[in-house]
Amino acid sequence: MQTNDQSADAPLERNTQKTYPAPEIVSELEFLFALRRDIHAHPELAYEETRTADLVTARLSEWGLAVHRGLGKTGVVGVVKAGHSDRAIALRADMDALPIQEQNRFAHVSKIPGKMHACGHDGHTAMLLAAAQYLASHRHFDGSVYLIFQPAEEGGGGADAMIKDGLFRRFPIQQVFGMHNWPGLAAGQFAVSPGPVMAAFDTFRIVIKGRGCHAAMPHLGLDPVPVAAQMILAFQTILTRNVPPLEAGVLSVTTVHVGDAKNVIADDCELTGTLRTFSDEVMEVMHDRIRQIARHTCLAHSMECDVEFTKGYPATINHEQQSSLSRKVMAGIVGEQNVLEQQPTMGAEDFAFMLRELPGSYCFIGNGDGDHRHQHHGTGPCTLHNASYDFNDDVLALGATYWVRLVEAVLAKDETR
């Protein structure tokens, strides 16, 4: 079997000398705009993406592609093949929205109260559909392309769910690629780099077990509040005193729940929060030290506690060769000066599960600074997970063109035959 790694570099000169944006994709822009805005207006949360999956399936079927449903509950995989090569890659887009009340007022505003495409997954889905339409009608490649429309990226682990449902067993994928829009990065630019680009995250829950009493007689009880305060402050020493200074990590206590009345010392106090790092070793240090600090702080005040950790996503770590390939394809579209180094972020991304299974890369495509929102948008910034966010339709053609050129580079036809 010939692998993609062995042939990735040779065809790039031939395949990246294309006009951007691809004229055939530009001719479909009105359709793409309408499609993206329709998805935006009908957001669906994790594992509820039935309407979106139906829309994706209808379009893929209309273009003559084989469609597989039900992986990760609401996931969809489209398959487009050309030639006779056994080489195969996958392109992934996420479909789910967020539980946010949208503040925009334009025509395609969310029609579902409390739900919103505030992370641009509507645009990701539209870009991959645009690439699917082009690939289905042109097929200037030799091999198989698997188009992954994934549910539940926003905390639901949809990538892991699709893998557990047999994504990589059922389909002979050899490399996998993902892309996310990035506000603040100019429209017309990309960013990609090898190595860690998004952090792993875990969550924790601590219940401090005190003994309630009247607030006027605190000596008769065991007050969990000052214990929680000491614990929160002590946690901040974990990264500054137990982790090497050049290692990255974030420990955030995000909720404190205690009591119901002003004049009552509560029985219990609950703390929750998140841990983020690029390193498994640092994550383990944070786990261990949280347990020790929580236990011994409670013991010092004659109390006990329960400490629970929940695994989130692993770190998103790009592979060297696939990142280099992505960069070359991007440069052939927008020029070297518009392909930037990808600055790692402490945000998390469940595409990490796919990159643990197969070589690949995860890149950013610029979404601009919000100037594309000409009128009737909310007063907040156009940043991810913000109620005033909207995907920049001006980059739909660019994202689709990148997907197409990437396929044509990785699965280049052998023109010497």
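The values are calculated or read from the model by the stated rules, or taken from the named source; none is laboratory data. Note that the structure is predicted; figures quoted are calculated from it, not measured. All Cβ positions, even for glycine, are placed from backbone atoms using ideal geometry, and neighbour counts span all protein chains on display.
Just to be sure before I move on: is V282 without any contact (Cβ under 8 Å) to a residue 24 or more places away in the chain and not assigned by TED's automatic domain parsing to the domain that holds V80 in the structure I sent? Against the criterion (without any contact (Cβ under 8 Å) to a residue 24 or more places away in the chain and not assigned by TED's automatic domain parsing to the domain that holds V80), V282 does not qualify.
For V250, the conditions (1) in contact (Cβ under 8 Å) with a residue 60 or more places away in the chain; (2) exposed (fewer than 15 other Cβ atoms within 10 Å of the Cβ); (3) touching a strand residue (DSSP E or B) at 6+ places or on another chain (Cβ under 6 Å); (4) over 21 Å from Q292 (Cα atoms) all hold with the exception of (4).
Among the residues of region 52-70, those identified as closer than 15 Å to Q150 by Cβ, without any contact (Cβ under 8 Å) to a residue 60 or more places away in the chain and outside any helix (DSSP H, G or I) are V67, R69.
Can you name every residue in region 330-352 that is out of contact with any Gly (no Cβ under 7 Å at 6 or more places or on another chain), at negative phi, not in a helix (DSSP H, G or I) and not hydroxyl-bearing (S, T, Y)? Quick ask: steps written out before the conclusion?
So the first thing to find is which residues in region 330-352 are out of contact with any Gly (no Cβ under 7 Å at 6 or more places or on another chain), and the list is 330-333, 335-337, 339-347, 349, 352.
Then keep just the ones that are at negative phi; that gives 330-333, 336-337, 339-347, 349, 352.
In the following step, the residues that additionally are not in a helix (DSSP H, G or I) were identified as 339-347, 349.
Across region 330-352, the qualifying residues are V339, L340, E341, Q342, Q343, P344, M346, G347, E349.
Before we move on, is H108 assigned by TED's automatic domain parsing to the domain that holds R37, in contact (Cβ under 8 Å) with a residue 40 or more places away in the chain and closer than 14 Å to V407 by Cα? So H108 does not fit the description; no. Filter region 381-417 down to residues that are surrounded by fewer than 18 Cβ atoms within 10 Å (Cβ to Cβ) and more than 22 Å from the chain's Cα centre (by Cα) and give me whichever is nearest to E153 (Cα to Cα). Of everything passing the filter in region 381-417, D414 is nearest to E153 (Cα to Cα).
Consider N338 carefully, then state whether it is buried (at least 19 other Cβ atoms within 10 Å of the Cβ) and either of a type outside the set (D, E, K, R) or touching an Asp or Glu at 6+ places or on another chain (Cβ under 6 Å) (or both). Spell out the reasoning first.
Values: buried (at least 19 other Cβ atoms within 10 Å of the Cβ): no; either of a type outside the set (D, E, K, R) or touching an Asp or Glu at 6+ places or on another chain (Cβ under 6 Å) (or both): yes.
In short, no.
The condition of being basic (K, R), over 23 Å from G157 (Cβ atoms) and under 20 Å from the mean Cα position of the chain (by Cα) holds for only one of R327, R295, that being R327.
Among all positions in region 200-208, there is no residue which is part of a loop (DSSP other than H, G, I, E, B) and on the phi < 0 side of the Ramachandran plot.
Just to be sure, is L239 without any contact (Cβ under 8 Å) to a residue 24 or more places away in the chain and assigned to a helix (DSSP H, G or I)?
Values: without any contact (Cβ under 8 Å) to a residue 24 or more places away in the chain: no; assigned to a helix (DSSP H, G or I): yes.
Judged against the criteria, L239 is not a match.
State whether one or more residues within region 159-167 are under 30 Å from V285 (Cα atoms) and in a strand (DSSP E or B). No, every residue in region 159-167 fails to be under 30 Å from V285 (Cα atoms) and in a strand (DSSP E or B).
In this structure, is D268 surrounded by fewer than 22 Cβ atoms within 10 Å (Cβ to Cβ), free of Cβ contacts under 8 Å to residues at least 40 places away in the same chain and under 30 Å from R241 (Cα atoms)? In short, no. Here A90 meets the list (1) within 30 Å of D369 (Cβ to Cβ); (2) buried (at least 17 other Cβ atoms within 10 Å of the Cβ) almost entirely, failing just condition (1).
Run down P172, P245 and say which single residue is within 22 Å of A348 (Cα to Cα) and either out of contact with any Gly (no Cβ under 9 Å at 6 or more places or on another chain) or in a helix (DSSP H, G or I) (or both).
Values: P172 fails: within 22 Å of A348 (Cα to Cα).
When all the criteria are applied, what remains is P245.
Note on region 73-131: among residues that are β-branched (V, I, T) and assigned to a loop (DSSP other than H, G, I, E, B), the one that is farthest from V56 (Cα to Cα) is I100.
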